[in-house]
Amino acid sequence: MPKRLRQIPPETGRFIALLAANCPKGEFIEIGTSAGYSSLWISLALKNRKDRFRTYEISPEKVALARDTFSLSGVSERIELIEGDFLQKYTGIIEIAFCFLDCEKHLYEKCFDVVAEKLVSGGMLVADNATNHFEFIKGMILKAENDQRFDCVTVPIGKGEFICRRK
């Protein structure tokens with residue numbers, strides 16, 4: 001078993017599902033799968049769109065849990081689970097419509113740098129833990145807020161969701 005699972009609360013799941021369902025055409029990704037709970041919400045949002053999405057998880061133990069979660073939930077065919085570091089495995093992604101970022105906090109800024117360049121107009125990056133781990137991710141938040149390509153806001157749902165929408 002992994003040391004700990006970082007699952008979002010249900011209200012955050014509903015929130016990201018609403019956001020994802022209303023994003024433009026493009027790729028949907030998640031960085032930091034954990035046991036797959038947030039992935040279930042995103043797959044639910046994409047069900048009517050007939051879209052699939054990719055989720056990246058670096059921990060082999062969490063990958064195994066997520067595979068079980070997806071299998072038991074009957075969503076395996078809609079989710080591509082990629083084992084490994086997003087920063088090494090993201091090649092081939094061209095146009096991102098939605099990204100849910102919930103990985104190790106020291107990686108947020110590097111992940112933002114990659115995703116920001118690939119977000120389509122109207123596309124969103126949603127970063128979890130914006131209030132409870134603000135000190136660890138404030139570099140990314142400040143970078144995004146000062147980037148004229150984005151509209152940004154922190155929403156006080158769950159542990160705080162920082163949203164960047166490409167203009």
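The values are calculated or read from the model by the stated rules, or taken from the named source; none is laboratory data. Owing to the predicted nature of the structure, the values given are computational and were not obtained by experimental measurement. Here Cβ is always computed from backbone atoms with ideal geometry, including for glycine, and neighbour counts include all displayed protein chains.
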Check the range 135-146 and report whether any residue there is under 25 Å from PRO24 (Cβ atoms) and either acidic (Asp, Glu) or in contact (Cβ under 8 Å) with a residue 60 or more places away in the chain (or both). yes
Sole residue being β-branched (Val, Ile, Thr), part of a strand (DSSP E or B) and within 21 Å of ALA21 (Cα to Cα), chosen from VAL153, VAL115: VAL153
Looking at this structure, is PHE100 closer than 30 Å to LYS167 by Cβ and without any contact (Cβ under 8 Å) to a residue 60 or more places away in the chain? no
Failed item in (1) farther than 25 Å from HIS133 by Cβ; (2) hydrophobic (A, V, I, L, M, F, W, C); (3) modelled with pLDDT of 95 or more; (4) out of contact with any Gly (no Cβ under 8 Å at 6 or more places or on another chain), with ALA97 passing the rest: (4)
Contacts under 8 angstrom Cβ, first residue in the range 72-87 being modelled with pLDDT under 95, partner among the aromatic types (Phe, Trp, Tyr), 6 or more apart: SER76/PHE70; ARG78/PHE53
Which residue pairs have Cβ atoms closer than 7 Å, lie 6 or more positions apart in sequence or on different chains, and pair a first residue in the range 156-167 that is at positive phi and in contact (Cβ under 8 Å) with a residue 12 or more places away in the chain with a second residue that is in a strand (DSSP E or B) and surrounded by fewer than 20 Cβ atoms within 10 Å (Cβ to Cβ)? GLY160/THR154
Specify the residue that is farthest from the chain's Cα centre (by Cα); the eligible residues are those in the range 90-128 that are of a type in the set (Val, Ile, Thr) and either under 17 Å from PHE150 (Cβ atoms) or crowded, with 23+ Cβ neighbours inside 10 Å (or both). VAL120
Among the residues of the range 25-44, count how many are in a loop (DSSP other than H, G, I, E, B), surrounded by fewer than 22 Cβ atoms within 10 Å (Cβ to Cβ) and in contact with a Phe, Trp or Tyr (Cβ under 9 Å, 6 or more places away or on another chain). 1
Pick from the range 1-24, criterion over 14 Å from the mean Cα position of the chain (by Cα) and in a loop (DSSP other than H, G, I, E, B), ranking: nearest to PHE162 (Cα to Cα): PRO9
In the range 47-62, the residues that are surrounded by fewer than 21 Cβ atoms within 10 Å (Cβ to Cβ) and of a type outside the set (D, E, K, R): ASN48, ILE58, SER59, PRO60
Looking at (1) aliphatic (A, V, I, L, M); (2) crowded, with 18+ Cβ neighbours inside 10 Å; (3) within 20 Å of GLY36 (Cβ to Cβ), which is the only condition LEU72 fails? (2)
Quick one: LEU81 ticks every box in (1) closer than 22 Å to MET140 by Cβ; (2) among the hydrophobic types (A, V, I, L, M, F, W, C); (3) in a strand (DSSP E or B) except a single one, so which number is it? (1)
Does THR69 qualify as being at negative phi, of a type outside the set (Lys, Arg) and assigned to a strand (DSSP E or B)? no
I'm trying to understand the selection: among the residues of the range 129-154, which are surrounded by fewer than 13 Cβ atoms within 10 Å (Cβ to Cβ) and of a type in the set (Val, Ile, Thr)? VAL153
